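What follows is a short report on a single structure.
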Amino acid sequence: MTIDNAVLSFAGLMVLLSLALGWYVSPYWLLFNAFVGANMLQAGITGFCPAAMIFKKLGMKPGCAFT
């Protein structure tokens with residue numbers, strides 16, 4: 001798995017988790033969903049992604065987006 005795949009999988013997992021928590025626990029968890037979306041937007045614009053940096057430090061091989 002490349003860093004690109006890991007970042008997309010992690011973001012998708014966080015979106016689904018926050019939606020489930022918003023449905024079953026409290027609607028305030030949907031704010032976490034907004035945070036994930038804002039982070040994805042800023043990563044797309046600036047190229048800075050903290051999750052990609054963490055996955056790189058864990059030794060994952062880079063893909064074409066996060067080299």
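None of the figures in this text is laboratory data; all of them are computed from the coordinates on show. The structure presented is a predicted model; accordingly, all values stated were derived computationally and were not measured. Ideal geometry is used to build each Cβ from the backbone, glycine not excepted, and the neighbour counts take in all protein chains shown.
Rounded to the nearest whole Hz, the Karplus-based 3J(HN,Hα) values (6.51 cos²θ - 1.76 cosθ + 1.60, θ = phi - 60°) of segment 8-13 follow the sequence 5, 5, 5, 5, x, 5, with x at glycine and proline. The average projected area of the chain, computed from the convex hull of its Cα atoms over all directions, is 4.5 nm².
State, as an integer percentage, the relative contact order of the chain based on alpha-carbon contacts under 8 Å between residues 6 or more apart. Can you show the working numbers first?
Details: 49 pairs, mean separation 34.8, N = 67.
Relative contact order comes out at 52 percent.
With respect to the chain, whose longest principal axis is taken over its alpha-carbon atoms, helix 30-46 is tilted by about 30°. Here the spin labels are modelled as points 7 Å beyond Cα on the Cα-Cβ line, and at Met1 and Lys57 they lie 1.9 nm apart.
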